[in-house]
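The values are calculated or read from the model by the stated rules, or taken from the named source; none is laboratory data. Note that the coordinates shown come from a computational prediction; the quantities given were computed from them, not determined experimentally. Backbone-built Cβ (ideal geometry, glycine too); neighbour counts: all protein chains shown. Just the protein is used for accessible areas: all its heavy atoms, side chains included, with ligands, DNA and RNA removed. Shrake-Rupley method; radii C 1.70, N 1.55, O 1.52, S 1.80 Å.
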Amino acid sequence: MRVAPGARVDLGSYRTDSLPGGPADKAAGVAATAAAAGRLASLQERLYAASTGGDRRRLLLVLQGMDTSGKGGTVKHVIGLLNPSGCRITAFKAPTPEERDHPFLWRIMRALPRAGEIGIFDRSHYEDVLVARVRELVPRERLERRYEEINLFERSLVDDGVTVVKVFLHIGREEQRERLLKRLDDPEKHWKFAPGDIEDRGRWPAYQEAYAVALERCSTEAAPWYVVPADHKWYRDWAVGTLLLEHLEEIGPKYPPGDFDVAECRKRLLAT
């Protein structure tokens, strides 16, 4: 699922209903995701605890994808396995007037995870090379500069102790139609639907091209992209959970040692 730096990306060659390198069916996938919960929670606690001893490391999970690809579902089913006090979740919407008065990375920098935290971006700075490209919101020469700005920005994050995990949730066009229809057919899901979703769906080829360009230009050794097939929700959850687990294990956070005399404190406590 990892996009090799410099690789040519043809999203049409990635099957959105495939199950690469994972459980063979839903039952096995759900069980595997549940089984990883304890390990994820333990690593998260250690990451947070390590920050109290001066460890500045943290993790940023970037979730991108077409409407209904499952960004919110991933937050619910995967990030829901973690302690919310150690997570910083930001869902980026259209820029506010204040945000438009600043460089496009300004609002992103304000939402970055602090030491010991796991940050989750539901959409991200990539909107400024996706929506901006498809809708031609900025001149093309400015758009072209943004890819390099993003690479430099992410490189600086990694150099400062941030592990960046970027996931493109790749959903098929027919699957998206079915999910949008379910939202329309269920009054309790109308809040999740917007007429603009149909407008964006009409720009499907342009968005696929914009994503392909972003993946090609911004999958680097420091911060690679991962393409996760998202037609099967259970597989999506397993894949993102596994990526989080692997990166947290690579960080290898450890509990900081106590800065006090354990034996003396135990003696004093027993005497009370």
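Some observations on this one:
- Single residue of 74, 52 found to be within 19 Å of the chain's Cα centre (by Cα) and in contact (Cβ under 8 Å) with a residue 60 or more places away in the chain: 74
- Elements of type helices (runs of 4 or more DSSP H) in segment 81-151, at least 1 residues being modelled with pLDDT of 95 or more and exposed (fewer than 12 other Cβ atoms within 10 Å of the Cβ): 97-100
- Enumeration of residues in segment 1-29 that are open to solvent by 80 Å² or more (accessible area, probe 1.4 Å) and in contact with a helix residue (DSSP H, G or I) (Cβ under 6 Å, 6 or more places away or on another chain): 26
- Annotation note: Cβ proximity below 7 Å between a residue of segment 100-115 that is free of Cβ contacts under 8 Å to residues at least 12 places away in the same chain and a residue that is open to solvent by 30 Å² or more (accessible area, probe 1.4 Å) (sequence gap 6+ or interchain) occurs for 106/99.
- Subset tally (residues that are under 26 Å from residue 41 (Cβ atoms) and open to solvent by less than 90 Å² (accessible area, probe 1.4 Å)) for segment 250-272: 5
- Residues (in contact with a helix residue (DSSP H, G or I) (Cβ under 7 Å, 6 or more places away or on another chain), open to solvent by 20 Å² or more (accessible area, probe 1.4 Å) and of a type in the set (A, V, I, L, M, F, W, C)) located in segment 38-77: 41
- Hits in segment 157-180 - residues which are without any contact (Cβ under 8 Å) to a residue 12 or more places away in the chain and open to solvent by less than 40 Å² (accessible area, probe 1.4 Å): none
- Candidates in segment 181-208 are the residues that are under 17 Å from residue 170 (Cβ atoms) and touching a residue at least 12 places away in the same chain (Cβ under 8 Å); of these, the one that is most open to solvent (accessible area, probe 1.4 Å) is 203.
- For residue 246: the one exception among (1) surrounded by fewer than 18 Cβ atoms within 10 Å (Cβ to Cβ); (2) of a type in the set (Asp, Glu); (3) in contact with a Gly (Cβ under 6 Å, 6 or more places away or on another chain): (3)
- Of all the criteria given as (1) β-branched (Val, Ile, Thr); (2) over 24 Å from residue 247 (Cβ atoms); (3) in contact with a Leu (Cβ under 6 Å, 6 or more places away or on another chain), the one not satisfied by residue 213 is (3).
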